[in-house]
Each structure stands twice: as C-alpha cells, then as structure tokens.
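J.: This is the structure I want to talk about, given as structure tokens.
Read-outs throughout are calculated quantities, based only on the coordinates presented, and are distinct from any laboratory measurement. The structure displayed is predicted, hence computed values, not measured ones. Cβ atoms come from the backbone with ideal geometry, glycine included; neighbour counts cover every protein chain shown.
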Amino acid sequence: MKITILGSGTSHGVPVIGCSCRVCTSRNPKNRRLRTSVWIETGGTSILIDTSTDFRTQALRAGITSLDGVILSHSHADHIHGMDDLRPLTFEKTLPVFGSSETIEEIKSRFDYIFKKTQQGGGKPNIILRKVETPAIMCGNADILLIPVKHGELNVLGFRIDDFAYVTDANAVPDTSMDLLRGAEVIVIDGLRYRPHSTHFSVDQAVAVLKELKPARGYITHICHDLDHDEVSAYLPAWIEPAWDGLVITL
Ligand SMILES: [Zn+2]
Ligand SMILES: [Zn+2]
Ligand SMILES: [Zn+2]
C-alpha cells in the first residue's frame with residue numbers, strides 16, 4: 001500500500017493569506033501546507049480521501065491519473081470544495097463518492113448543480129453519491145473500515161485499510177473507535193496546534209491518543225501556522241512526525 005499525503009494543512013492552508021508570521025514566511029517547504037487530504041493506492045485500487053479546496057494542485061503534483069472512489073470524512077469546506085475538479089477523472093467513468101448520510105445530504109445541497117439535469121458535455125463531475133453505513137465499505141478491491149470520531153458536535157469518519165489508519169478533524173475518539181484503531185501499524189491523526197481547540201486535537205492530545213494505540217509510526221496532520229515543522233519534529237517522540245505535503249508512506 002502506498003499513501004501520499006496530498007495536504008497536511010488546516011482549513012486556511014499555510015501560509016495563511018495576509019499573514020506574515022515566521023511560519024507563513026518560512027523558506028522551509030515543509031511549512032507550506034495545502035488543505036488536508038490523502039491518496040491511497042492499494043491492491044490496484046486508487047482512493048482519494050476528501051476533495052480538498054486544493055485538489056487540482058494536489059492531483060497535478062502527485063500525478064493522480066485515475067481514481068476508483070472518493071471517500072469523504074465530513075462536509076467542512078476545506079474537505080470538499082475541490083469536488084468540481086474531479087471532472088477530468090470522470091470523463092471515462094462514473095466515480096463513486098462515499099460519505100455518511102449527513103455528508104451526502106450536504107453535498108447534494110452545496111453542489112446542487114451537479115445533480116440537476118442540464119445539457120450534455122463538460123461542466124460537471126460525473127459522480128454518484130453513496131451513503132456509507134458502519135462498520136465497513138468496499139471501494140474497488142479495498143475493504144475500508146469506518147471509524148466514527150467527534151469533531152466538536154459533528155460526526156466525522158476516520159478510516160482504516162489493513163494496517164493504515166487515518167483520522168482527520170477530531171477532538172475525541174470514542175472507546176469503540178479506539179478498539180477499531182488498535183493494532184494499526186501507521187496512524188495519521190489530527191493535531192492542529194499546541195494550544196487547545198474546541199474541535200481539533202492539540203499536538204499533546206494527538207500524542208496521548210497515539211501513545212494509547214501504540215502504532216509503529218504516527219503522523220500529525222491538519223496543522224496550522226502555529227507549528228514550525230522542524231520545531232514540532234524535535235518536540236515529538238522519535239516514532240511520531242508531523243506530516244508534510246508530498247510525504248509518501250508505504251506499508
Ligand atoms: Zn478540516
Ligand atoms: Zn502565519
Ligand atoms: Zn472540519
């Protein structure tokens with residue numbers, strides 16, 4: 001399995017428009033973070049998690065030429081607003097887009113033009129919405145376990161494929177979901193900043209969850225401009241790293 005971190009940044013991205021803080025003006029490319037998303041290639045199946053606002057740039061950078069499915073964690077703008085840029089990947093086929101019923105309903109209203117009858121040709125991604133139900137879904141050849149987590153009041157889906165788990169936009173993982181994550185070899189988890197936040201794990205909270213789960217490798221994602229890559233790298237235990245855009249994880 002090959003996992004590409006397409007984006008490791010919080011909803012604004014880093015640099016933040018108009019911000020002149022030391023991270024936003026840093027020359028370290030690992031401090032430049034597009035909106036949070038990953039691409040997973042496994043057993044001949046190509047899966048995108050979230051169509052971030054930056055999806056077009058991310059697809060071009062990573063060389064995504066085909067997808068078998070898109071899975072949405074939740075419907076916040078930073079995770080879905082690249083939806084229209086799926087168009088070139090749906091010229092030849094209808095692409096399934098999976099999400100919870102809450103997420104699918106949001107997609108229908110936010111992207112209503114996609115589902116209205118209009119003239120043929122261009123203009124709209126050729127997608128079909130698929131409501132998921134726990135505990136798991138099949139996407140191509142991949143068996144994907146759904147991991148319910150909380151993002152403030154909102155329900156968000158995390159995912160586990162074999163020994164890889166991905167939990168973005170969360171500030172609480174229920175015990176039943178901790179059990180689903182246990183035993184994963186690599187876990188990517190939300191860790192917005194050092195200071196606490198009402199809907200995201202802080203770095204220390206993310207580390208605490210990872211220490212309980214004990215994967216071989218852990219990564220923090222959805223990072224804001226408070227965190228300098230090298231400094232947070234030095235702060236974290238050796239087996240946990242901040243993710244960065246373009247990071248490829250194989251297992
Ligand atoms: Zn987000
Ligand atoms: Zn800044
Ligand atoms: Zn969110």
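J.: Do we find that Thr199 is of a type in the set (Val, Ile, Thr), within 16 Å of ligand 1 (Cβ to nearest atom) and touching a residue at least 60 places away in the same chain (Cβ under 8 Å) in this structure?
T.: Criteria not met by Thr199.
J.: Tell me whether the stretch 130-139 contains one or more residues that are under 14 Å from the mean Cα position of the chain (by Cα), among the β-branched types (Val, Ile, Thr) and away from ligand 2 (no atom under 16 Å from the Cβ).
T.: no
J.: Give just the number: which of (1) away from ligand 2 (no atom under 16 Å from the Cβ); (2) touching a residue at least 24 places away in the same chain (Cβ under 8 Å); (3) out of contact with any Phe, Trp or Tyr (no Cβ under 9 Å at 6 or more places or on another chain); (4) assigned to a loop (DSSP other than H, G, I, E, B) does Leu67 not satisfy?
T.: (3) is the only condition that Leu67 fails.
J.: From (1) crowded, with 22+ Cβ neighbours inside 10 Å; (2) out of contact with any Cys (no Cβ under 7 Å at 6 or more places or on another chain); (3) of a type in the set (Val, Ile, Thr), pick out the condition that doesn't hold for Ile47.
T.: That leaves (2) as the condition not met.
J.: Another question about this same structure. Which residues, counting only those in the stretch 12-31, are surrounded by fewer than 19 Cβ atoms within 10 Å (Cβ to Cβ) and in contact with a strand residue (DSSP E or B) (Cβ under 7 Å, 6 or more places away or on another chain)?
T.: Listed by number, the list holds a single entry, Cys24.
J.: Please indicate, with yes or no, whether at least one residue in the stretch 114-135 is hydroxyl-bearing (Ser, Thr, Tyr), over 23 Å from His76 (Cβ atoms) and without any contact (Cβ under 8 Å) to a residue 40 or more places away in the chain.
T.: yes
J.: A follow-up question, please. Among the numbered criteria (1) free of Cβ contacts under 8 Å to residues at least 60 places away in the same chain; (2) within 21 Å of Thr4 (Cβ to Cβ); (3) surrounded by 22 or more Cβ atoms within 10 Å (Cβ to Cβ), which single criterion is violated by Trp239?
T.: Only one criterion is unmet by Trp239, namely (3).
J.: Quick one: which of Gly183, Gly191 is away from ligand 2 (no atom under 16 Å from the Cβ), buried (at least 22 other Cβ atoms within 10 Å of the Cβ) and not polar (S, T, N, Q)?
T.: Only one candidate passes the filter, namely Gly191.
J.: Out of all the residues in the stretch 167-180, which are away from ligand 1 (no atom under 13 Å from the Cβ) and closer than 23 Å to Gly9 by Cα?
T.: Scanning the stretch 167-180 gives Ala172, Val173.
J.: Residues that are buried (at least 21 other Cβ atoms within 10 Å of the Cβ) and within 16 Å of ligand 3 (Cβ to nearest atom), at least 1 per element: which strands (runs of 3 or more DSSP E) completely within the stretch 98-169 meet that?
T.: Per the criteria, 142-151, 154-161, 164-167.
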